Structure formats: structure tokens, C-alpha cells
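**Student:** What follows is a structure written as C-alpha cells; I'll ask about it next.
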Amino acid sequence: METLRSLEALERERLLTADPRLAEAAQSMAIALTPDMLALIDRRDPARDPIARQFVPDAAETEVSADELADPIGDEARSPVKGIVHRYPDRVLLKPLHVCPVYCRFCFRREKVGPGGEALSAGELDSALAYIREHREIWEVILTGGDPLMLAPRRLAELLARLDAIDHVAVLRIHSRVPIVDPGRVTNELLAALRGRRAALWLGVHCNHPRELSTATRAALARLADAGIPLLGQTVLLAGINDDLETLDRLMRALVASRVKPYYLHHPDLVRGTGHFRVSIERGQALMKALRGRLSGLAQPTYVLDVPGGHGKVPIGPSYLGPGHLGDDPQGLLVEDAFGERHRYPR
Ligand SMILES: *Cc1c(COP(=O)(O)O)cnc(C)c1O
Ligand code: SF4
């Protein structure tokens, strides 16, 4: 079975809800739904299914609000050469291609990703690598895109070898959705391309719902972990998909049980046409607070917001250090424990 890539293909699988705005919604971003993800969808009610909703176009995508942005995290303002985003002194993003195994309707780069957005040409890649070579303060290179694991293993190995040869680069980090949505791509060839580097290689996998951790996906994560690759989890907080305590609890536990350390829970970005996925920051904080008393420290992600305009990511709470004081010590601080009780701490 092939990846579904059109409204017609989704219609044949009865995944669509009839709406005259659907064609316009579909045009706003490429469609791709892998057979592995299709197999996880509850066909009785796809309009509410947490897997289907991530990949199937929704008429609500045609509703754009004034706060939403074409470049929600300000990548363009921080791009010194094509394919590089340099926001923090010690690390850069390198985007070798714009293709993904699936297209997530809430994607923060939804106006950039897709089969039309080509990979960097050989010359452009040379210039991007030259930039990294010339900037000795770059300690970490974060490969993103698109999805770097969509490169053929031979090309990926070549790229990693060229980065590995830059001696000030100590860490290579890849962000990918491949092991989750298309685990069959985690082949021995791919593992061989990833392992055995001088620089430490970390892999961040993007996973939003516990059902995404199917038997095949858990096996792919085990192959990666067995190959010695440290795994991080990234989740986007999404309304109606994972913005409830039970779902986040199961997701974070399932990741840790697969040797994936939850790294970030991303507050959804102000991407055009994604208001139906957005959750309030207050709700995100309340969920994080509830997770704190209930889940192992290993299973706690940091809740972050990418500040619009290219200002980078910051943790957005919740905070456990309250204003005010208890009893007769006006200098003291108030600390709230994970169960909601307040305690005094001397300043
Ligand atoms: C997210 C991001 C990074 C990585 O940030 P970490 O907090 O190190 O994960 C680096 N550069 C840019 C431009 C980013 O958007
Ligand atoms: S895989 Fe990542 S980059 Fe690609 S569409 Fe999904 S969120 Fe966007």
C-alpha cells in the first residue's frame, strides 16, 4: 500500500467530511498519510480521530486570524545562507530538504514543506557547510527540514560525514517523524548511516499521541536505541488530539518505555489556518501541573513557546515559586508542591 497523497485518495478511504471549503484547505498544504498511520485510524469516526485529524485536511484551515503568521517562528529573519537558521550562537538548524513522510496540518513550516520545495542543490549545500565551517562557535548542528531521514541512507551518510569532519561541531541532532509514521524506513542501511560518528548523534522523534507508538514503531525505536542512538521526544500540544491528562500521561509513559526521553511539549505556533488546533497557555500549564505530581521525572517534557519573530524558545511554566509569603516572614518565598500545597522557603 502506498502513502495517500490526494483528496481523492482520502475520499476513497472515507476519511473526509463533505464541505465545499475542503478543496481550498487541501491546496494550502501538501497531503501525505502513510499506510502505518492509516492503519491506526478509527474508521467509525475519522472526523474526531486523533491520528486522522493530524493529516487529513479540514475545512477550518481556510479560517485565518489576524494573529497568525506565514513564518510563525521567524526562520527567515535568522537565515544567513539558504538552508541555515542561526538564532543561538552555539547551534544552527540545517534544512537539507523540505520533504516529509507525512504532512501534519498544524506544521509550523506548513508554508515551506512539501514535494514542491526542493532539496538544497549541491552548490547550496556546499555554501551551508562552508558557513558552519567558518563559524567556529557552532557546537551543534540540528538537521531538520522537512524530514532529514527522508534522504536516501547513502546521501544522509555523506552529509553526516561532511559535518563530522568539521572539528568544532561536537553534536549532531536530527529531528524526524520517520520512526513514528513510517517505521519501515528504519532499515539496517539507515542505522549504518547514523552510527559510528566522532560527533555525538542525537535523534529527536516527533510523536503526538500514544496510539502512534504501534508495535512496528516501538520496534523501530528499539532498533535505534540498540544502535546506541540517544532518543528524544517532541510533542505538539494540539486541541482535541492530546490536550487532556489521560492522553498526555499515556503518551509520555509510552515514550519513556520505548527509551525516548520527552524533551519538549511545544505550545502550538501561530500558523495560518490552524486555530482549530490551538490550546490556551493556561490550559497547557494546568496540564503540565497535573503531570508533575503523577509522572516520573523521566517522563516530564519542558513546555515551550517559540516566541514569534525569531526570538527563540522559552519554557512557559507552570511556575511553582509563587509571589507573597506565609506567616510572619515577609522575606520568605512561597513554593507550591506537586500536590498543590504551599510551603515557605527562606530567601
Ligand atoms: C528550536 C530551535 C533550535 C533548537 O533549540 P533547543 O532549545 O536547543 O532545542 C535552534 N535553533 C532554532 C532557530 C530553533 O528554532
Ligand atoms: S513532519 Fe514535521 S516538518 Fe513535516 S509536516 Fe510534520 S511537523 Fe511539519
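**Student:** Out of P115, P96, I need the residue that is over 27 Å from L10 (Cβ atoms) and not charged (D, E, K, R). Which one? Don't jump to the end; show me each part of the working.
**Tutor:** Values: P115 fails: over 27 Å from L10 (Cβ atoms).
So the residue among P115, P96 that is over 27 Å from L10 (Cβ atoms) and not charged (D, E, K, R) is P96.
**Student:** So, restricting to helices (runs of 4 or more DSSP H) that lie completely within the range 4-62, which ones have at least 2 residues that are assigned by TED's automatic domain parsing to the domain that holds N242, open to solvent by 60 Å² or more (accessible area, probe 1.4 Å) and under 17 Å from G275 (Cβ atoms)?
**Tutor:** none
**Student:** Just one of (1) within 14 Å of ligand 2 (Cβ to nearest atom); (2) farther than 30 Å from A286 by Cα; (3) open to solvent by less than 40 Å² (accessible area, probe 1.4 Å); (4) not β-branched (V, I, T) trips up R185, so point out which.
**Tutor:** Failing condition for R185: (3).
Matching residues to (1) among the β-branched types (V, I, T); (2) at pLDDT below 95; (3) more than 16 Å from ligand 2 (Cβ to nearest atom):
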| position | (1), (2), (3) |
| --- | --- |
| L33 | no, no, no |
| D36 | no, no, no |
| D42 | no, no, yes |
| D49 | no, no, yes |
| R91 | no, no, yes |
| K112 | no, yes, no |
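For (1) touching a Phe, Trp or Tyr at 6+ places or on another chain (Cβ under 9 Å); (2) open to solvent by less than 40 Å² (accessible area, probe 1.4 Å); (3) not assigned by TED's automatic domain parsing to the domain that holds R162, each residue gets a yes or a no:
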site: P80; (1), (2), (3): yes, no, no
site: I84; (1), (2), (3): yes, yes, no
site: R110; (1), (2), (3): yes, yes, no
site: D126; (1), (2), (3): no, no, no
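**Student:** For the range 130-153: of the residues being surrounded by fewer than 16 Cβ atoms within 10 Å (Cβ to Cβ) and among the aliphatic types (A, V, I, L, M), which is farthest from ligand 1 (Cβ to nearest atom)?
**Tutor:** Residue satisfying both the conditions and the ranking: A152.
**Student:** Of the conditions (1) in contact with a His (Cβ under 6 Å, 6 or more places away or on another chain); (2) open to solvent by 10 Å² or more (accessible area, probe 1.4 Å), G204 fails just one. Which one is it?
**Tutor:** G204 satisfies all of (1) in contact with a His (Cβ under 6 Å, 6 or more places away or on another chain); (2) open to solvent by 10 Å² or more (accessible area, probe 1.4 Å) except (2).
**Student:** Right, another one. What strands (runs of 3 or more DSSP E) completely inside the range 265-347 contain at least 2 residues that are among the β-branched types (V, I, T) and either in contact with a helix residue (DSSP H, G or I) (Cβ under 9 Å, 6 or more places away or on another chain) or surrounded by 14 or more Cβ atoms within 10 Å (Cβ to Cβ) (or both)? So that I can check it myself, show each step before the final result.
**Tutor:** Working: elements: 302-306, 313-315, 333-336, 342-345.
In the range 265-347, the matching strands (runs of 3 or more DSSP E) lie at 302-306.
Residues checked against (1) within 20 Å of the chain's Cα centre (by Cα); (2) more than 16 Å from ligand 1 (Cβ to nearest atom); (3) without any contact (Cβ under 8 Å) to a residue 40 or more places away in the chain; (4) more than 30 Å from E11 (Cα to Cα):
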residue: R44; (1), (2), (3), (4): no, yes, yes, no
residue: D49; (1), (2), (3), (4): yes, yes, yes, no
residue: R53; (1), (2), (3), (4): yes, yes, no, no
residue: T62; (1), (2), (3), (4): no, yes, no, no
residue: A66; (1), (2), (3), (4): no, yes, yes, yes
residue: I73; (1), (2), (3), (4): yes, no, no, yes
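**Student:** Determine which member of the set T235, T217, T247 is polar (S, T, N, Q), under 30 Å from S79 (Cβ atoms) and open to solvent by less than 50 Å² (accessible area, probe 1.4 Å).
**Tutor:** After applying the criteria, what remains is T235.
The values are calculated or read from the model by the stated rules, or taken from the named source; none is laboratory data. Remember, predicted model here, so these are calculated numbers, not experimental data. A quick note on method: Cβ atoms are made from the backbone with ideal geometry, for glycine too, and the neighbour counts reach across all protein chains shown. What goes into the accessible areas is simple: the full protein's heavy atoms, side chains included, and nothing from ligands, DNA or RNA. Shrake-Rupley method; radii C 1.70, N 1.55, O 1.52, S 1.80 Å.
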